[in-house]
Amino acid sequence: MIETLIPELGSLPHDTVVYLHDGSFHGRSLLAVGEAHSIRFQSNTELKAIDRFLAQHKDEWKVALFGYNLKNSIEDLSSKHPENTGIPESLILVPQMLFSIERGNIEVISGHSHPQLSEALKSILEPSDNLTQEAIELHPRLTREDYLEDLGKVQQHIQRGDIYEMNYCQEFFNESADIQPFETYKKLHHLTRAPFSVFVRTNASYLLCGSPERYLKRIDDQLISQPIKGTTRRGNTPEEDELLKATLRADEKERGENIMITDLVRNDLGRIAQPDSVKVDELCEIYSFETVHQMISTVSALAKKELKFSELLQATFPMGSMTGAPKVRSMQLIDEIERSDRGLYSGSVGYIEPNGNFDFNVVIRSLLYNSESHYLSARVGGAITALSDPEKEYEECLLKADALFKALR
């Protein structure tokens, strides 16, 4: 309940709450409460409806959720699996109240404050003793054997030349989970310290996200994307930690995966960029997070003049790190081979400023939860290439899911 998040807001409509952590989002936390205006759209919604909504509210801050199945509005694609958490396929909203939280200072961006609001906001991410839930176990949707069988199918398509790389994801779930969503989110954030951490509530549906990945950022005319491909664990000693970083940096398979997706992102941005402005600022750099090291590349470009938001989505969504290459054929095979719907996983959450600048994450390392049905879901995946060892890919999935499992213990 939002009353446990900010008691002073209990009298306001509170069926929607979005918290964007300050790790990289604007350099400060943003908290959006309520929906003054909003548009929810399904996977077959005309993208120009997004442009119309943004034009109507161009002088206001917006918060947006884009689910993976928005791909069906962008390409001639479909999705055969049901979505079980009830979270909107996609949503853009103008919040009733929007707050910026930076170094303990509270700024009311829009809406009206209450006398005691600042103190309430300062404490929302403080450690809490309120997490009294029992340990929750997540069950794999696939057996290990099913997973290896599916990866065999993916690699057959690679050998036939249908694709070069595909991001394959599997689900872990619990159909009778009872969790305290915001307290669990705080625990997940404490474990991961992820720069693109997000908490979302829409009615009874929740997203608890500890993402390290940026989908796309705009600063004036500059667009920046930072795809992740390549993961290894943290070491138990400083010496082991440095050795693991060096091993990841030199791993030809991981570098190959990253370079393929970096090239895909370059091509995507090239469709909406000014001539000769696309460049790779970082290639296969190693970034260290609380639980893992990641290989990240940074691609930037100058946006075409008068670029509409729908054109940006058409060119770049879903992000290549969550699909594969070629993108459309990979997405067709994802729907054919994977065993569950991705929902908001592999999508994006972020904000849009009145001046048109924005910042969006990639929804990975996340829990999706419905407090009415008690369905709890976590998905993890990785890039599959001709060089992938299915057994090692399975172990990498467990490594990526480890913080999610720990947050539920």
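Couple of notes before you dig in:
- Cα-Cα separations in the chain greater than 34 Å, expressed as whole percent: 26 percent
- Largest-first principal axis extents of the Cα set of the stretch 255-323 (Å): 41, 22, 21
- Each 5 Å bin from 0 upward holds the following percent of the Cα-Cα pairs of the stretch 20-88: 3, 12, 20, 19, 20, 16, 9, 2.
- Whether the stretch 316-370 is rounded, prolate or oblate, judged on the alpha carbon gyration tensor where a/c under 1.5 counts as rounded: oblate
- Placing +1 on the Cβ of every Lys and Arg and -1 on the Cβ of every Asp and Glu, with no other charges, gives the chain a dipole of roughly 700 debye about its Cα centre.
- Alpha-carbon spread of the stretch 262-409, three principal axes, descending order, Å: 49, 41, 34
- In this structure, the residue pairs whose Cα-Cα separation is over 29 Å, taken from LYS305/LYS327; LYS279/LYS305; LYS153/LYS245; LYS71/LYS304; LYS187/LYS245, are LYS153/LYS245.
- Cα-based equivalent ellipsoid of the stretch 165-283: semi-axis lengths in Å, sorted from largest, via gyration tensor: 30, 23, 15
- Only Lys, Arg (+1) and Asp, Glu (-1) charged, at Cβ; the stretch 168-280 dipole about Cα centre in debye: 300 debye
- A viscosity of 1.567 mPa s and a temperature of 4 °C, combined with the Kirkwood radius over C-alpha pairs in the Stokes-Einstein formula, give the stretch 218-271 a diffusion coefficient of 99 µm²/s.
- Karplus (6.51, -1.76, 1.60) ³J(HN,Hα), θ = phi - 60°, over the stretch 210-220, in Hz, Gly and Pro reported as x: x, 7, x, 10, 8, 7, 7, 10, 10, 10, 6
- Potential extension, ALA135-HIS190 segment - 0.36 nm per residue separation minus Cα distance: 18.1 nm
- Candidates LEU207, LEU344, LEU302: whichever shows maximal mean-square fluctuation once the chain is modelled as a Gaussian network with Cα springs under 10 Å: LEU302
- Calculated on alpha-carbon atoms, Rg and Dmax of the stretch 289-335 in Å: 14.4, 41
Any read-out appearing in this document is the output of simple, stated calculations on the displayed coordinates, not a laboratory observation. Treat the numbers as computed from the prediction; the structure is a model and nothing was measured. Counting neighbours? That spans all protein chains shown, and the Cβs are built from the backbone with ideal geometry, glycine included.
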